[in-house]
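Trainee: Once you've had a glance at the structure underneath, I'll fire off some questions.
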Amino acid sequence: MDKKILIAPSTDPVKTVHEIIDYAESIKHNADFLHCDIMDGSFVENRTYSYTTLGLINEKTLLPLDVHLMISNPSKYIDKFLQAGANILTVHYEAYKNKKKLIKDLEHIRESGTLSGLSIKPKTPVSEILSYLSYTDVVLVMSVEPGKSGQQFIEDTYQKVVQLNKIKTDYNVDFKIEVDGGVNPNISAKLKKYGVDILVSGSYIYKSDDRLVAISNLR
Ligand code: DX5
Ligand code: ZN
């Protein structure tokens with residue numbers, strides 16, 4: 001039987017908080033998560049919203065929140081995002097100079113009952129995060145440069161998914177593999193073959209006339 005993959009439509013293409021809440025409502029019968037892109041204008045050029053807005057979104061939707069922190073100083077804000085209702089809380093590997101702090105933060109996220117996520121940019125090899133995988137529930141592989149939706153999928157991502165699956169077997173560690181950026185139904189079919197668990201999609205779903213069908217097309 002085909003493995004079931006989970007779909008996490010992203011908030012990045014959506015402009016205002018009210019539109020995000022309406023968007024969550026329009027996809028809730030087929031989406032598995034709402035992928036919340038948090039950008040601070042420093043780690044990436046764009047800026048989106050912070051924990052207060054996330055808390056408001058959380059109050060208005062039943063969808064679990066998959067929170068992707070594209071911010072420079074994640075340690076400082078982790079508790080705020082946990083309190084705001086993140087179900088998966090993902091930090092960027094590249095945002096940490098002090099890798100001991102990264103381990104502490106991943107452990108802290110788990111202890112709070114939230115799933116810990118670790119993301120890598122397209123230029124960061126999988127081999128760099130080997131030591132952190134036992135602290136990680138979800139590895140978020142960026143298939144575009146973080147910062148905006150609507151970019152083209154980077155083909156190297158397939159290989160990263162293969163490598164991560166091999167690591168799971170070879171080292172007997174368990175985590176979910178999530179891919180974010182430029183995903184459409186052709187790409188999702190390939191990613192599924194390579195063993196992806198969770199797919200993020202921004203513009204493909206948002207721009208579709210029928211979003212529920214668009215989500216099914218990615219499964
Ligand atoms: C990119 C964001 C993505 C983005 C994906 O920085 O992390 O979540 O919204 O959008 P698409 O699917 O349009 O690339
Ligand atoms: Zn994202």
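The values are calculated or read from the model by the stated rules, or taken from the named source; none is laboratory data. From a predicted model like this one, the values you see are computed outputs, not experimental measurements. Cβ sites come from the backbone with ideal geometry, for glycine too, and all protein chains shown count toward neighbours. Surface accessibility is based on the protein's heavy atoms, side chains included, excluding ligands, DNA and RNA. Shrake-Rupley method; radii C 1.70, N 1.55, O 1.52, S 1.80 Å.
Trainee: Find how many whole Å separate the alpha carbon centroid of the range 4-51 from the alpha carbon centroid of the range 199-213.
Mentor: That distance is 12 Å.
Trainee: Taking the inverse of the average 1/r across all pairs of different Cα atoms in the range 6-218, what Kirkwood radius in Å do you get? Intermediate values should be presented prior to the final figure.
Mentor: Values: mean 1/r = 0.0589 Å⁻¹.
One decimal place: 17.0 Å for the Kirkwood radius.
Trainee: Cut-off under 23 Å on the C-alpha distance; same-chain residues fewer than 8 positions from LYS207 excluded. Which lysines are left, in chain and number order?
Mentor: LYS15, LYS28, LYS60, LYS148, LYS190, LYS192
Trainee: Would you work out what percent of the accessible area of the chain, with all protein chains in place, is carbon or sulfur (probe 1.4 Å)?
Mentor: Details: 5040 of 10540 Å².
Ligands and nucleic acids excluded, carbon and sulfur reach 48 percent.
Trainee: Follow-up. Between TYR96, TYR23, TYR158, find the one with the highest GNM mean-square fluctuation for the chain; connect C-alpha pairs within less than 10 Å.
Mentor: TYR96
Trainee: Please list the non-local residues whose amide H lies under 5 Å from the amide H of GLY182, H modeled 1.01 Å from N, same-chain partners needing a gap of 5 or more.
Mentor: GLY150, GLN151, GLY202
Trainee: Here's a follow-up. What does a probe at ASN46 reach in the range 12-29, counting residues whose amide N is under 13 Å from the point 7 Å along Cα→Cβ?
Mentor: From the range 12-29, the list is 12-16.
Trainee: Hey, what do the phi angles of the range 125-136 turn into as Karplus ³J(HN,Hα) couplings, whole Hz, using 6.51/-1.76/1.60 and θ = phi - 60°, x for Gly and Pro?
Mentor: x, 4, 4, 5, 9, 3, 5, 10, 5, 6, 9, 10
Trainee: I've got another one for you. Through the Karplus equation 6.51 cos²θ - 1.76 cosθ + 1.60, θ set to phi - 60°, convert the phi angles of the range 78-94 into ³J(HN,Hα) values in whole Hz; use x for Gly and Pro.
Mentor: With the stated coefficients, the range 78-94 comes to 4, 4, 4, 6, 5, 5, 6, x, 5, 9, 10, 10, 10, 10, 8, 3, 6 Hz.
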